[in-house]
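Enquirer: I'd like to ask some things about the structure below.
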Amino acid sequence: MKIVSSIKSGNYINGQVIDEDFETLDVISPLNGRTISSVYLSDASAVDRAVKTAQIAFGEWSSRTLKERVQIFFKFRALLEKHRDELIHLVHLENGKTMGESAAEVDKGIELCEFACSLPQIVNDEIQEVSKGVECRTSHVPLGVVASITPFNFPHMVPLWTIPNAIALGNCMVLKPSEMTPLSAILIAELLEKAGLPKGVLNVVNGGKEAVEAICDHPDIAAVSFVGSTKVAKIVYIRATSNLKRCAALGGAKNHLIVLDDAHVDMAASNIAASMAGCAGQRCMAASAMVAVGQVDHIVARLCEEAKKIVPGDNLGAVISKTAKERIERYITEAEAAGAKVLVDGRNTVVEGKEGGFYIAPTIIDYVSPDMNIAKEEVFGPVLAIIRTETVDEAIAIENSSNYGNAASVFTQSGGWARYIMDRVSAGMTGVNIGVPVPREPFSFGGWNESRFGSHDITGRSSIAFWTRLKKTTTKWNPEARTNWMS
């Protein structure tokens with residue numbers, strides 16, 4: 001299958017992939033452990049060139065009307081459809097997702113693009129005659145050059161959380177993708193160029209820590225979005241805001257699914273298994289802790305049956321690296337040594353024909369105590385820790401004690417209990433009988449507590465306020481109008 005750019009991962013500045021004189025890092029496919037490309041470890045000079053290019057492009061791009069700018073994204077959406085198979089294959093290759101999960105990621109990117117196309121119907125100036133002959137108006141004005149730092153787990157979707165909205169609203173962007181999955185970003189940039197995006201509006205700079213620090217420090221970058229671990233999200237948020245930038249930094253998660261004994265058995269088991277193992281558990285909305293209230297052994301048994309249907313290399317993808325596989329397996333072993341019971345064990349998984357790949361089968365661990373590391377920390381793998389409680393309030397207390405606050409769900413057939421729990425959990429995205437309570441556009445994505453730093457989300461309607469600033473204009477044209485203290 002032909003991939004646009006033949007899997008190049010150079011920096012993309014001023015409308016072209018360019019060669020640089022930087023150290024490189026091998027890009028390894030988690031599917032089989034083989035090298036598929038290499039990526040530049042760019043320094044501050046590359047970030048500065050990208051910013052200067054974006055500044056030049058900003059004048060003309062921001063002068064266009066919003067309706068003119070979104071025409072590019074109508075064309076881009078059509079190109080996403082045309083190149084859908086290539087995009088799916090590339091996500092599968094560089095991230096290790098199954099083809100089905102890669103397809104879902106690409107289709108979500110198309111939906112994100114559709115939201116950007118709707119912005120002229122959503123972003124409206126407010127106008128009011130505030131006094132006789134005096135009119136006040138507010139307008140959404142682009143910030144200038146902005147940056148987006150994206151993670152390995154959704155190399156296609158997360159860049160499209162930010163690129164369409166930020167650019168359609170009139171900004172120019174520097175994108176820094178994960179150095180582990182840099183290929184999808186270049187393909188996105190090339191397709192936007194084919195759609196007619198002017199050179200310099202979107203620039204891609206590859207790299208690691210040095211490139212991230214340069215973005216946070218650059219005086220001409222007005223806003224930074226980040227998605228990744230909570231540890232790094234804190235660092236990025238503090239560094240960017242200390243340099244007087246806007247920053248929305250989304251961190252990690254420890255999502256709790258509270259399961260009551262009246263839950264629909266088949267629906268609960270299938271949803272929890274899919275939430276725990278989908279994308280190999282490498283998503284900040286994955287179920288990683290099930291809080292079992294009362295006698296739910298019948299649901300746990302059914303859940304184990306569902307987990308055993310999820311087969312690595314078939315309907316379960318790989319984790320991103322050997323290091324990640326080893327870290328996840330250490331969590332399982334540590335919990336078992338501390339007294340937890342491993343009901344379904346995914347350690348030491350090898351897929352025939354892909355012996356070099358990084359696979360872990362679904363793992364379910366029962367009788368986990370709330371003080372164990374596996375109950376508190378983000379594992380980021382297909383692992384579910386079951387914590388037993390006697391009452392709903394105990395379950396809520398366990399959820400509330402987490403430092404994170406991305407997602408929480410309840411499985412029950414009682415509307416009263418569902419409302420009681422949803423009103424009390426401390427999470428920004430909640431669900432009832434939903435394993436992965438991700439909002440759909442136009443609703444925005446973002447958690448609470450240490451799952452998000454900053455006052456705005458970076459998708460949906462909430463992103464409009466993040467990517468723009470309000471200009472207020474007061475106008476008087478009628479000198480004969482009656483005047484008062486307001487005019």
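Enquirer: Of the residues GLU399, GLU352, which single one is farther than 20 Å from VAL296 by Cβ and not hydrophobic (A, V, I, L, M, F, W, C)?
Expert: Every option except GLU352 fails the conditions.
Enquirer: Would you check which residues across the range 220-235 are surrounded by 24 or more Cβ atoms within 10 Å (Cβ to Cβ) and among the aliphatic types (A, V, I, L, M) and list them?
Expert: Within the range 220-235, ILE221, ALA223, VAL224, VAL227, ALA233 qualify.
Enquirer: Name the single residue that is farthest from GLU213 (Cα to Cα) among those in the range 33-85 being of a type in the set (Lys, Arg) and assigned to a helix (DSSP H, G or I). Break it down stepwise before answering.
Expert: Step one: filter the range 33-85 for residues of a type in the set (Lys, Arg), giving 34, 49, 52, 64, 67, 69, 75, 77, 82, 84.
From what is left, the residues that are assigned to a helix (DSSP H, G or I) are 49, 52, 67, 69, 75, 77, 82, 84.
Working: ARG49: 15, LYS52: 17, LYS67: 35, ARG69: 30, LYS75: 34, ARG77: 32, LYS82: 36, ARG84: 33 Å.
Going through the qualifying residues, I end up with LYS82.
Enquirer: How many residues does the range 160-173 hold that are crowded, with 24+ Cβ neighbours inside 10 Å and of a type in the set (Gly, Ala, Ser)?
Expert: 2
Enquirer: Just for strands (runs of 3 or more DSSP E) wholly inside the range 324-412: which have at least 1 residues that are of a type in the set (Phe, Trp, Tyr)?
Expert: 407-411
To keep it simple, each residue is scored yes or no on (1) assigned by TED's automatic domain parsing to the domain that holds ALA189; (2) without any contact (Cβ under 8 Å) to a residue 60 or more places away in the chain; (3) touching a Ser or Thr at 6+ places or on another chain (Cβ under 8 Å).
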position	(1), (2), (3)
LEU79	yes, no, no
LEU90	yes, no, yes
ASP107	yes, yes, no
LEU112	yes, no, yes
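Enquirer: Within the range 7-26, is there a residue that is without any contact (Cβ under 8 Å) to a residue 40 or more places away in the chain, within 25 Å of the chain's Cα centre (by Cα) and either in the same structural domain as VAL145 (by TED's automatic domain parsing) or assigned to a loop (DSSP other than H, G, I, E, B) (or both)?
Expert: yes
Enquirer: Taking the condition surrounded by 21 or more Cβ atoms within 10 Å (Cβ to Cβ) and assigned by TED's automatic domain parsing to the domain that holds GLU399, does ALA263 pass?
Expert: So ALA263 passes the test.
Enquirer: Could you tell me whether any residue of the range 207-219 is within 15 Å of the chain's Cα centre (by Cα) and within 27 Å of ALA324 (Cβ to Cβ)?
Expert: Checked against the condition, which is being within 15 Å of the chain's Cα centre (by Cα) and within 27 Å of ALA324 (Cβ to Cβ), the range 207-219 yields no hits at all.
Enquirer: Is it the case that some residue within the range 318-338 is touching a helix residue (DSSP H, G or I) at 6+ places or on another chain (Cβ under 8 Å), at negative phi and polar (S, T, N, Q)?
Expert: No: zero hits.
Enquirer: For the range 461-479, enumerate the residues that are farther than 15 Å from ILE127 by Cα and charged (D, E, K, R).
Expert: ARG461, ARG469 - these are the residues of the range 461-479 that are farther than 15 Å from ILE127 by Cα and charged (D, E, K, R).
Enquirer: Give the number of residues within the range 359-373 that are touching a Ser or Thr at 6+ places or on another chain (Cβ under 7 Å) and small (Gly, Ala, Ser).
Expert: So the answer is 1.
Enquirer: For the range 174-212, what are the residues that are free of Cβ contacts under 8 Å to residues at least 40 places away in the same chain and surrounded by fewer than 22 Cβ atoms within 10 Å (Cβ to Cβ)?
Expert: The one that is free of Cβ contacts under 8 Å to residues at least 40 places away in the same chain and surrounded by fewer than 22 Cβ atoms within 10 Å (Cβ to Cβ): LYS209.
Okay, residues lined up against (1) at pLDDT 95 or above; (2) of a type in the set (Asp, Glu):
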residue	(1), (2)
ILE434	yes, no
PRO439	no, no
PHE445	no, no
ARG452	yes, no
ASP457	no, yes
ASN478	no, no
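Enquirer: Based on what the data block shows, is TYR420 crowded, with 23+ Cβ neighbours inside 10 Å and aromatic (Phe, Trp, Tyr)?
Expert: Numbers: crowded, with 23+ Cβ neighbours inside 10 Å: no; aromatic (Phe, Trp, Tyr): yes.
When the stated conditions are applied, TYR420 does not pass them.
Enquirer: Something else: Condition first: assigned to a helix (DSSP H, G or I) and over 17 Å from LEU143 (Cβ atoms). Now tell me which residues in the range 238-255 satisfy that. Before the answer, list the steps.
Expert: Here is the first cut: in the range 238-255, the residues assigned to a helix (DSSP H, G or I) are 238-242.
Once the filter is applied, which keeps residues that are assigned to a helix (DSSP H, G or I) and over 17 Å from LEU143 (Cβ atoms), the range 238-255 yields ILE238, ARG239, SER242.
The values are calculated or read from the model by the stated rules, or taken from the named source; none is laboratory data. As the structure is a computational prediction, the values presented were derived from the model and not from experiment. Glycine gets a Cβ as well: all are built from the backbone with ideal geometry, and neighbour counts include every protein chain shown.
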